[in-house]
Every structure is written in C-alpha cells, then in structure tokens.
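Throughout, read-outs are computed from the coordinates displayed, never taken from laboratory work. Being a predicted model, the structure only gives us computed values, none of them experimental. Virtual Cβ from ideal backbone geometry, glycine too; neighbours counted across all protein chains shown.
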Amino acid sequence: MIKRQDSSKKKHRSWWNLSDTLFFLGVLTLIIIQFLFFRPVKVSGVSMMPTLEDEDLVTTSYVGDVERFDIVTFLPQGVEDHYIKRVVGLPGETIYYQNDQLFINGQLVEEPYLTSSKAELRAGESLTADFHYGDAERLYVIPANHYFVLGDNRQHSTDSRKIGPVERDKTFRIMNYRLLPFEKLGVVD
C-alpha cells in the first residue's frame, strides 16, 4: 500500500511539473512576442489616412531593416503618444518636395501610395506643399541613424517637416499588419 501512495505522489508531482513548465513557457512566449517581436498599436488621428484610419489596430515589430516607404511608429522626445508615419528619407540623403513631387538626392521618386489621394485633389491643389529639409542656402543631409518621416495625409500631419528627422532608437517599430477593422485585415502598404 505504501508503494501505491508513492506512485500516486510521483504522478501528481510529474503532472504538476509539466503544467508549471507549460505555464512558464506560455508566459515567456507572450513576453517575447509582446516586447521583442510583435506589439499591437491602435491608430489615433487622421495623419495616415487613407492608408490607416483612426481606431485601426495594427501590429508592429522591431524585426527588420527600415526601408523607404515603410510605415513606422515612434515616440518623439517630449511627447506621450506614439506617432505613426511613413519613412520617406533615409540616412545620408537630401530631401525636398517641389510641385507635389518627392526628390531624393535630386532625383524624382514616385510615391504610389498617394495616387488615390492626389486623384481627389481639385485642379491646382497640391497634397504636399513645397518644402526642403535645409536652410535658405543648402539642403541638409539626413543624419546617420535618422529617418525623414511624413504622414500620408500631408495636409494634416505633424511629421519631420515640423519635428525634423527621427532617430531610430528603442521606441522605433516597423508596422506590418492590420488586425482591425476585420474587413481590412492584412498587410499594411
């Protein structure tokens, strides 16, 4: 009879150890996903319309190199809420807009994600007003580890035109997938 109790206790201990291990692994997986790979972010405001709308839920990650036209989220210095913008200029580049067209290092660069917004403009109206990153005498080069970011809704966006290039640091995340609303579920372009 003593052997049965010992056997029963061993089974109970082995089950308990298995459930502890599974619980620990589950919590560890959630922490890794939440803080290292993917994190949900709720869009607040209209600066990225029509690409992203107020209240959309998207995922972001630290994974990957930042490329031109990636949508990113970051926390500007002195601000409590994250901004969501599109990377237009990369480190080492010069940037300006003229006649509603983007020029990087003096070369015209197409922005296909703005086609529908530009089609809705009235004759003579521009989506992106002329500007340049620089002073009256010269264009500035975007510093190393910095990006020039703009909202897709150029007429209603606080972005690098006002706050300057944004440093890539621990708060900088690449946006990759829309979760809500369900009818727009999928990759964010």
Burial-style ranking of 139-146, 85-92, average other-beta-carbon count within 10 Å with highest first, yields 85-92, 139-146
Expressed as a whole number of Å, what is the distance separating the alpha-carbon centroids of segment 48-95 and segment 120-189? 7
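For segment 126-189, run through the GluC sites (Glu not before Pro) and keep only the ones in DSSP coil with at most 10 other Cβ atoms within 10 Å of their Cβ. Before the final figure, lay out the partial values.
Details: sites: 137, 167, 183; in loops: 137.
For GluC sites (Glu not before Pro) across segment 126-189 that sit outside H, G, I, E and B with at most 10 neighbouring Cβ atoms in 10 Å, the list reads 137.
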